[in-house]
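K.L.:
Have a look at this one before I ask anything.
Values quoted throughout were computed directly from the atomic coordinates according to the rules given, and no laboratory measurement underlies them. Fair warning: this is a prediction, and the values are worked out from it, not measured in the lab. Here the Cβ positions follow ideal geometry from the backbone for every residue, glycine too, while neighbour counts run over all protein chains shown.
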Amino acid sequence: MHHIALSCLCLLSMSAVASEVPSQTLAQSERVQTEVSSLKKRAGEVTSKMADLMKQDATSDEAVKLLQEMVDELKQINARLKQLQEGLDSSKKDISALQKFQWKGYAQFQFSDTEEGSNSLGGANRTNNDGFTARRIRLSATHKMDDRTQLKVSLDVGGTQRQSVELRDAQLKYDLSKQASIFAGQQLTPLGYELERSSSDREMPERAIYNRTLFGGDRMRGIYVRGKVGEGLTATLGVMNSLTVTDPQQTDANRFGNLSGTKLAGVAGVRYTTKKGEVGVSGMVGDRAPTSARTITNWTDSNNNGVVDGGEVRNTNVPATGSNSRRFIFVDGALYNLVNGLTLRGEFMFGRDRVPTVSNSVPVSLVDTALNGYQIQATYAFDLKTSLTARYESFDPDTGLSGNTQSAVGLSLAHLLSPDLKLSLTHEWFKEQPFNARNNAWTLRVQYRLR
C-alpha cells in the first residue's frame with residue numbers, strides 16, 4: 001500500500017505546486033510591473049526637469065550640481081529598471097513552464113445493492129460484495145512540451161480492493177497540423193462512441209455489457225492518426241495491439257505487448273458531426289492468440305485439519321483454444337436537443353471473436369463465434385442541473401445459438417450539486433438467458449471532479 005500512497009502524494013504535490021506557485025508568481029509579477037511603471041514615471045519627471053533647467057542658465061555651480069544629482073538619480077532608476085526586467089523575464093519563464101503542466105482527475109464514491117434471486121431453474125442466488133465502494137479515483141497529469149507535443153498520464157486507485165496503482169493512460173499526442181494529430185501509447189480504444197467516452201461524462205454507471213466483455217479495460221496500446229478531412233468530418237487510422245489492456249487473455253499472459261503468434265490490429269473510422277447530432281462508423285481487424293491446455297489443481301481443506309484428505313483435491317482440465325481473427329464494425333449516432341432538452345444516442349456493434357470470459361479460470365467459449373451488441377439511450381435535461389437517462393442494451397455472444405442473449409434496462413437520475421459535484425441514483429434490470437437469473441442493481445453515486 002506504500003507505493004499507492006506515494007504515487008497519490010506525488011500527483012497531489014504536483015497539483016499543489018501547479019496551483020499555488022502560479023498565483024504567487026503572478027502576484028510577484030504584478031508588484032514588479034507596478035514598480036516599473038512608477039520608476040518610468042519618475043524618470044520622465046526628472047528628464048522634464050532637466051530639460052527645463054537646460055533652457056535656463058545651467059552654468060552656475062548650483063545648476064551644475066542639480067543636473068549632476070538628476071543624472072545620478074536617472075542612473076539609479078535605470079539600474080533598478082534593469083534589475084526588475086531581469087526578474088520579470090525570469091518570472092515569465094517560470095509562469096510559462098508552470099502553464100505547460102495541467103492536473104485533473106475525479107473521484108466516484110458509491111453505494112451499490114444488487115437485488116438477486118434464484119433463476120428460472122431454481123438455482124442458488126449468486127452473491128455480490130454490496131456496500132460502499134470507491135469505484136474510480138482517477139489522477140491525471142498532462143504536460144505540454146511545446147505547441148505541438150503533449151503527454152498525458154493517468155492513474156486509478158479505486159475500483160476493487162486493489163493493492164497497487166493501475167495505469168490507465170499513457171498517451172503522447174503530436175499535432176501534425178491544425179487539422180491532424182498523432183496519438184500513441186496506452187489510450188482509449190478508438191471504436192464507436194462509448195469506449196472513447198470518459199467515465200466521468202457517461203450518464204450510466206458502467207459501459208454496455210458487450211463493450212465491457214470484449215474490450216476489458218477500455219484501453220488499447222498502439223498508435224493512430226486522427227484528422228479533419230472535411231467540414232464536420234474526421235477520419236481515424238491506426239495500428240494497435242489486438243487485445244485491450246485487461247482482456248482476460250492479456251492479463252493471464254501477464255504481458256504488456258502484443259501476444260505471441262498474433263498480428264497487430266488495424267483500426268479505422270470516420271465521424272460526421274453537426275450542431276444537431278453526429279454519426280460514426282468504425283472498425284477493427286486483429287487476432288486473438290491460441291491458449292494451451294493445462295490442469296488447475298485446487299485444494300479445499302474441508303475439515304480444517306491442515307492435512308490433504310481424500311476428496312479435498314480437485315483437478316480441472318482447461319482445454320486448449322485455437323487462434324482466431326477479431327473483426328468488429330461499430331455504427332453509432334446521436335441527435336442533440338431533439339425536443340426541448342431530449343438527446344438520443346445509439347450504438348450497434350457486430351463482428352466475430354472468441355468471447356474471452358472465463359469462469360473459475362476456464363474459458364467459457366472455446367471457438368470464435370459471430371456476435372453483436374447494441375444500446376439505445378435517451379437523456380432528458382430538465383434544466384442545466386438535473387437530467388434523467390434511460391438505456392436499453394443487449395449482447396448476443398453467439399448469433400448462431402438461440403437463448404443466450406444478455407440484456408439490461410437502466411434508469412438514472414443525475415443532479416449537479418455544483419459544477420464539479422454530481423449525485424446520481426441508478427437502477428438497472430438485467431436479464432441473462434437461458435436461466436433468466438435475477439440480477440437487478442441499485443447504484444447511488446457521488447462524483448467529485450478535480451480541475
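K.L.:
How big is the dipole moment of region 309-451 about its Cα centre under a simple scheme where the beta carbon of each Lys and Arg is +1, that of each Asp and Glu is -1, and everything else is neutral? Debye, nearest 20, please.
P.N.:
Working: 14 positive and 13 negative charges, 88 e Å.
So the dipole magnitude of region 309-451 works out to roughly 420 debye.
K.L.:
A further question follows. Under 17 Å Cα to Cα from Lys152, which aspartates and glutamates show up? Leave out anything in the same chain fewer than 8 places away.
P.N.:
Reachable aspartates and glutamates: Glu166, Asp169, Asp175, Glu196, Asp218.
K.L.:
What is the distance in Å between the Cα centroid of region 346-421 and that of region 260-326?
P.N.:
Distance between centres, Cα-based: 19 Å.
K.L.:
Further, regarding this structure: For Lys100 and Leu450, FRET efficiency with R0 = 25 Å and r from the beta-carbon atoms, rounded to 0.05? Don't jump to the answer; show the numbers that get you there.
P.N.:
Details: r = 19 Å, r/R0 = 0.75.
Once the sixth-power term is evaluated, E becomes 0.85.
K.L.:
Moving on. Roughly speaking, what is the stretch gain from Leu342 to Leu167, that is 0.36 nm per residue apart minus the C-alpha to C-alpha distance, in nm to one decimal? Can you show the working numbers first?
P.N.:
Numbers: separation 175, 0.36 × 175 = 63.00 nm, distance 3.59 nm.
Taking 0.36 nm per residue and subtracting the Cα distance, the gain is 59.4 nm.
K.L.:
Separate question: At 0.36 nm per residue, and after removing the present C-alpha to C-alpha distance, how many nm does the segment from Asp252 to Arg197 gain when stretched out fully? Walk me through the intermediate numbers first.
P.N.:
Values: separation 55, 0.36 × 55 = 19.80 nm, distance 2.66 nm.
My answer for the length gained is 17.1 nm.
K.L.:
Please tell me which of these pairs span more than 18 angstrom C-alpha to C-alpha: Lys104/Lys385; Lys104/Lys144; Lys178/Lys228?
P.N.:
Values: Lys104/Lys385 22 Å; Lys104/Lys144 14 Å; Lys178/Lys228 9 Å.
Exceeds cut-off: Lys104/Lys385.
K.L.:
For the pair Asn315 and Leu401, what calculated FRET efficiency results from E = 1/(1 + (r/R0)^6), where r is the Cβ-Cβ distance and R0 = 30 Å, to the nearest 0.05? Present the calculation step by step, with values, prior to reporting the outcome.
P.N.:
Numbers: r = 29 Å, r/R0 = 0.97.
Efficiency for this residue pair is about 0.55.
K.L.:
If R0 is 30 Å, what FRET efficiency do you get for Ala268 and Ala381 from their C-beta distance, rounded to 0.05? Could the numbers behind the result be given before it?
P.N.:
On the way: r = 33 Å, r/R0 = 1.12.
Computed FRET efficiency for Ala268 and Ala381: 0.35.
K.L.:
Provide the per-residue ³J(HN,Hα) series for region 238-249, in order, calculated from phi with Karplus coefficients 6.51, -1.76, 1.60 and θ = phi - 60°, each as a whole number of Hz, with x at glycine and proline positions.
P.N.:
Taking θ as phi minus 60°, the curve returns x, 10, 9, 4, 6, 10, 6, 5, 10, 4, x, 6 Hz for region 238-249.
K.L.:
On to the next question. Sequence-distant or interchain residues sharing an amide H contact under 5 Å with Val358, placed H: which?
P.N.:
Those qualifying (amide H under 5 Å, at least 5 residues apart or on another chain) are Val364.
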